[in-house]
Amino acid sequence: MVDIDLVLRSTRVITPEGTRPAAIAVSGGTIAGVWAHDAEVPAGAVLEDVGDDVVLPGLVDSHVHVNDPGRTEWEGFWTATRAAAAGGITTIVDMPLNSLPPTTTVDNLRTKQEVARAKAHVDVGFWGGALPDNVKDLRPLHDAGVYGFKCFLSPSGVEEFPELDQEQLARSLAEIAGFDGLMIVHAEDPHHLAAAPQKSSSQYADFLASRPRDAENTAIGNLIDQARRLDARVHVLHLSSSDALPLIAAAKAEGVKVTVESCPHFLTLTAEEVPDGATEFKCCPPIREAVNQDALWQGLADGVIDCIVSDHSPSTADLKTPDFSSAWGGISSLQLGLPAIWTEARRRGFDLTDVVRWMSEGPARLAGLDRKGAIETGRDADFAVVDPDATFTVDPADLQHRNRITAYAGKTLHGVVTSTWLRGEKINDRGTLAEPSGRLLERNN
Ligand SMILES: [Zn+2]
């Protein structure tokens, strides 16, 4: 019999078998059992009864740009992981670009880990980057513990992280497939982007026209072809164009190893509502029309879309100029993803078990984080406790990320995160955050 140090009790615990009243027994940061709600609390264990608040497995956000070191005026491990903890997220996987250095060699990975170590309020893993000239670094990065590799097919927005052409993509994919690694891809085709009308404008419609659906559809089609040919594992990042869903569904049915994510902003915000000059709504690919959003939700319902992650990509306010063509592209939603998605999901008839599948289980599976993503014996005792019926109005002053710019300001959302738990420790108590206790995660650790 192991020593139980914590029992977390609720009338609504979301387990892989469904939602039920339960008492989660925790020993040394690991879930030791999921017991009956009225199970006796062992001597020496602390009881935390959260009543009717729902206990979810801690969310996993596999798409976060922390930008630390190098562009820490944009974001950093301290602020990003506090935002995560406040939002019910217990694990993030950091993107390889926008930090200096980018995560494209083992030395660079070690530099980033050193910076992150003392600042992590949640667990932090790292993606590596695939550049035109670093094929030789991919296997060493894989061996050093990155969860996969990110590449761009069109310009990334920062010069130290160039995109791959189709030939370079094939070379990197072949290398990665050789060790059964994962390539995660920003899929917009550069030729379609170059052919689209580009103009300086504060009108959202002009920006939308500059990033057409065809650019995504074509890039995804090419990526699927390459994955099929090389028997490689690929993942489509931040899907916005719903036109690509049939293509992805067909590839999956055929056995091509492709997965896909979408993001809260594509699923809860629409092109029609973006005010002139409101570049806090700018990201690439862009937020599209309401009818496109409906189709993305259908993609979630059908299981074609595997997960929802933030693509939290902040910058300083001065880079969010009112001109959509030159403003920095990126939406900051680490802290708000869960309530934003839950608010829209409940309106559309989904329940919290769906949200858990998309925002915890799905991203954990994508990255291969087998201790995360579910409330079951043997996994880390990571939890998000949520009052699903409570509402709040988004006030940028309440946000923990460094630059409090948000496309959600003023929105009233359902779902208040009342506490967040990391390996059995309460790291967020109604917005009061504990000292950092996050760990740096490496693949196969
Ligand atoms: Zn991103």
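No lab work stands behind these numbers, since they all come straight from the coordinates. Just so it is clear, the model here is predicted, and its values are computed rather than measured. Virtual Cβ from ideal backbone geometry, glycine too; neighbours counted across all protein chains shown.
Segment 303-354 and segment 75-149 have their alpha-carbon centroids 20 Å apart.
With respect to the chain, whose longest principal axis is taken over its alpha-carbon atoms, helix 337-347 is tilted by about 90°. Based on Cα contacts under 8 Å between residues 6+ apart, segment 357-418 shows a relative contact order of 30 percent. Among 46, 356, the ranking by other beta carbons within 10 Å of each residue's beta carbon, starting with the fewest, stands as 46, 356. Measuring nothing but how far apart in sequence close Cα pairs (under 8 Å, 6+ apart) lie, relative to its length, the chain scores a relative contact order of 21 percent. Of the beta bridges in the chain, as assigned by DSSP with both residues counted there, near 50 percent are antiparallel.
Structure remark: mean-square fluctuation, Gaussian network model of the chain, C-alpha springs under 10 Å; the largest value among 318, 143, 276 belongs to 318.
The charge dipole of the chain, taken about its Cα centre with unit charges on the Cβ of Lys, Arg, Asp and Glu (plus for the first two, minus for the last two), comes to roughly 320 debye. Could you tell me which GluC sites (Glu not before Pro) in segment 341-398 are loop residues by DSSP with no more than 15 other beta carbons within 10 angstrom of their beta carbon? For GluC sites (Glu not before Pro) across segment 341-398 that sit outside H, G, I, E and B with at most 15 neighbouring Cβ atoms in 10 Å, the list reads 376.
Between the helical axis of 135-144 and the longest alpha-carbon principal axis of the chain there is an angle of about 0 degrees.
The share of C-alpha pairs in the chain whose separation exceeds 41 Å stands at 11 percent.
Once the Cα atoms are used to define both axes, helix 106-117 deviates from the longest principal axis of the chain by about 40 degrees. Cβ crowding within 10 Å ranks 331, 92 as 331, 92, fewest other Cβ atoms first. For segment 140-219, chymotrypsin sites (Phe, Trp or Tyr not before Pro) meeting the loop criterion (DSSP other than H, G, I, E, B) and having at most 11 other Cβ atoms within 10 Å: 179.
Contact order, relative form, for segment 175-234: 46 percent (alpha carbon pairs under 8 Å, 6 or more residues apart, mean separation divided by residue count).
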